[in-house]
Each structure stands twice: as C-alpha cells, then as structure tokens.
1. About the Cα centre, and with charges only on the beta carbon of Lys, Arg (+1) and Asp, Glu (-1), how big is the dipole of the stretch 29-99? Nearest 20 debye, please.
2. Each residue of the stretch 367-376 in turn: what ³J(HN,Hα) in whole Hz from Karplus with 6.51, -1.76, 1.60 and θ = phi - 60°, glycine and Pro shown as x?
3. Among all the aspartates and glutamates, which ones have a C-alpha under 18 Å from Lys381's C-alpha, if same-chain residues fewer than 8 places away are not counted?
4. Just the number please: accessible area per residue for the stretch 331-371, 1.4 Å probe, all protein chains included, in Å².
5. Toward the positive end of the charge dipole of the stretch 398-508, about the Cα centre and with charges on Cβ (Lys, Arg +1; Asp, Glu -1), which of Ile462, Met406, Leu503 goes farthest?
6. If we restrict to alpha carbons, what Rg and Dmax does the stretch 303-416 come to, in Å?
7. How about the stretch 8-61: which chymotrypsin sites (Phe, Trp or Tyr not before Pro) there are in a DSSP loop, with at most 16 other Cβ atoms within 10 Å of their Cβ?
8. Under 9 Å from the Cβ of Glu241, count the other residues' Cβ atoms, weight Lys and Arg +1, Asp and Glu -1, and hand me the total.
Amino acid sequence: MGFHSRDQIVVDDAFLSLIASKTKYLITMLKEAEERNGGFHYTRPFLGRLNLESRIIEELLDEYGARHNMSWYAFRRSIAAVKAFSQIVHNISHISASFPCYRIISVKEDFLAATKKTLKESTAALKNSMENLLKEAEHHGLEPGEVVQDFSEHLPEGTLRQDRPRRHLENPGPTIVNLATTFLNLSEDTELFGIRDRNKHLRYLDYVPEPVSEARIRNMEHALHSLQSTYDTYLLDSDAEERDEDLLVLRGHVSTIFHLLETGTVLSHYYERHMLNQDAVVIGEDTLLSVLIDYILAFSSRFFNAARELCRNIIHSYAVQGTISVPVPQYRGFHVRPSTLVAKIVTHYGSDVTLRLNGQSFNAASPLELFRVNEAINAAKRKTLGGIVCEIAETMGSVPREEGVMKKALRRLIVKLLENHQIVMYEADFSLEEISYIEGETLAEFATRGIAHLLALGRIDIRTGITVEFSGDTRVLSDLKLLAENGYGEDNYGNNIMLPAELSYLRR
C-alpha cells in the first residue's frame, strides 16, 4: 500500500491513467454481464472475483481520498455498492448450497424458500449496482481489457470418499459443555433476535439504530465465528462426532447463524454508511431492512431457539455433577437480590441445578422457586429461636409476671442475644410497645413470642448457621460457592457489595 502526502495534489491525468489500468478487468466483467443481460449467471466464482476486484479499487480510491473529491466520489460510491452486494449475494448463495448438508432442527418457516426470495432481491440490487458502476466508468472514459476467464460452475455430482481416519479425543466433555453453554448465552440477546415477532406494528426504520445496528450485528457475528472456530479446532473430524450426532447438529446451527450474521453485517454496514447518507440507491430501503430483520435476524433467532433444548441435553450429558453446602444469605434469606443472582448463574450455564433444604427440593434457575426456600429457613429459625431464648431466660432467674418488668427483661434478653452474636438488629432503636404481655406467661414464653414478632416485622434476624445444598454441574457450583463467599452480593444489612471479577457476567 502506498503512502500519499496530503499536501500534494495528484495530477488528474496521472490518477486517471492509474485507475484506467487497474479497472480494466473489472469493467470487462461488468460489460460481459450487461451484454448477456438475463442470460448471465452470477456464479460464486464470478461473485468472488467481482468482490476482490472492487475491494482492490475501493482501497486504492480511499488512499487518494476519493470520498472527498467531487469528480470521483460517485465512482467510489458505486464501487462500494458492487463490493457490498457481490459479498451479500455470494454469502446467500453459499447458505443456499450448504444448508441441505447441515443437520438442522426444523423450524416452522420455510428457510430455503425465504433464502431463494432473498437471493433474488439481493441479486437485483447487485445488478443495479453494476449498472451504476458501468455508467460511472463510461463517464470517466474507463475501458475494458482482456476477455475474462470462464466463471461458469460445472460441478460433478457426489462427494469425495470419506476415508480419512478420525482423531481420538480422550476427554472432549469440557469443550463440548462450554460450546453448548456459550451458544445458549448468545441466544439470550432477545433485543436483537425476534424483535419483529414482538413489534410487528413498528416500521422498519423504528428498529434502526437501536436495537439493530452494524456494531451489534458485527459483535454477534464475531462471537459465532469464534464458536465455530473452537468447534473446528477441538471437535471437528474427531471420534466424538461419531459417538454423538448431536454435536453435528449444533455445528450446523452455529455455521448457519454465523453466515446469516456475516451477511447481516455487510448489509447493515451498507445501509448505515451509504443509504443513510442518501447515496445512490440500488435497493429499496424497506426491502433492505426486510431482508435484514425478517430474514437474517428472524431466522437466526429461530435457529437459536430450535437448538436450545439440544444444548441443554448436551450439557446434561457431559457436565460433571457434584454437590456443595453453603450458608444461606445472612440478610433475610433468599429475597430478591440473592435469588436473582443465583438464578442468573444457573441460567448462564444452561444446567439443571437443585437447591435442597430439610428434605425439600427447589429449582435454582427460578427466582420464584428460591423465594419459597425462605419458608423453610424461617421455620428453622423459629425452631432455633425457642431453644436460644429458653437458655438465656434460665440464666436471668425468676422475673415477676408484670408487663413492665417483663418488657424490661425482654430488652435485657435481646441485648444478651446481640452480645452473643445470635441475632442481627436492623434498627438501632426499637419499641416493644406493640408487644403486650399475656397474663401467666413466663419470661421464656413472652420473649419467644416478642422476638418472633420482631423477626416477622424484619427488625431483627436470627443467626442460625443454616446451610443449603446445591447439586448439579460443578462449573455452576463453583460460581455459586464464590457467590456465597461474597455474601450473595450484599452485606449483613442488605447493602449491595462488589462481586469478584469471575462473576462479572452477572452485571449484564
């Protein structure tokens, strides 16, 4: 790549001569397509070479600052359209050709019919962009060169003999589980996927630039590409695929979604960079956004959803199972924050995890289920309360059975519980006025009832050392243990605290 001084203006004739020499092959391709008119076939070899030639010319034009030049801006704009739609048509042609080779879980909508329709619309846009570029080339007096190569595709039937031995994998489980988990987490981007199904009354323009944007689609494309690369590096052509056909189904879904999003990145880039700047239009705005939203994002969402249960089954088959025992949250048990964080961890890994306490089992992926754990926790606290109060009441000796005396004794008993770190008090000053003495009660009976009342009001809490068991995927259990060691995200008084970096995904 050359380096050009911005202080020196290139001689017009010299630049024209340069572009004329570099565009001969490209212009010849455009003219051949124009002369054959409806009889021209946009084969993948043709599209690949067209994209390469237009990319080279675009980079050269940008080096010389054509985007800011009145004479060459329109030519550069037309080159960009040819580059974009040659890539888009090539991608969709590849999707159409490769899709039948994948093991894809069926979805309700006809993907191949939608792909055929999209290919037709994209090819029409490519044809328009090529015509515009040819007009710009003629305007500058650019001429074709030698005859281009034959880009027709004459493909023999069948495939090569599959006789290469598969490699043996000793322990593919961790890789497989991580792939399935990552796939499930990516599918959770509900803002990007399935948006049209939830908001059919909106205009296409209402989706741009939020939640649909080039940056967002490109990030998701990179994530799927990384997932596909991991699979191909560690699992492709291995004996693990022979033992478990579900892996090939997962691979098919990853690849199909990746190629859809790859196309979506190019399409959204063209829309944001060129159509929003009112450049020459080669495709209608509604048509482009329909392809992006109703085809690319909608089918990506459907293929994600179709494989979710498959991924859960894969995780269940390969995940290492275990059990841990951890204390319950100090502040009011499994209320909203701890329950939500626990459920987020379980959902993040896509595994089944069970919480057990006193013979009862709860689904740890459901915050509502975890709220129910508090019933068992509070029952245990009430059971513990009687024993604690009786022990301290005995040390206080005989107390006259009068309301005023009893309340003073109860206050002393509560102070003793605080000194022994057996209770936590959430209010520095509390009143016992609403607790009435019932004639005939002993101090132990009155204190048990009074403290239970304060507990029910949330003014105090009892330290009992109650623990719960989590059973399931050891990866999940490791993060749950870390969460418990960090107070389930809060201190003893319910204030939010920072979680360690290993749990940073909980902030999303």
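The values are calculated or read from the model by the stated rules, or taken from the named source; none is laboratory data. The model shown is predicted, which means the values in this text are computed figures rather than measured ones. Note that each Cβ is placed from the backbone with ideal geometry, even for glycine, and that neighbours are counted across all protein chains shown. For the accessible areas, the whole protein counts, side chains as well, though only heavy atoms, and no ligand, DNA or RNA atoms are used. Shrake-Rupley method; radii C 1.70, N 1.55, O 1.52, S 1.80 Å.
1. On the way: 9 positive and 8 negative charges, 29 e Å.
Around 140 debye, computed over the stretch 29-99.
2. x, 5, 5, 5, 4, 5, 4, 4, 4, 5
3. Glu391, Glu445, Asp461, Glu469
4. 43 Å²
5. Of the options given, the answer is Leu503.
6. Considering the stretch 303-416 through its Cα atoms, Rg and Dmax are 22.0, 75 Å.
7. Phe40
8. Numbers: positive: Arg166, Arg243, Arg251; negative: Asp237, Asp239, Glu242, Asp244, Glu245.
Net charge in that neighbourhood comes out at -2.
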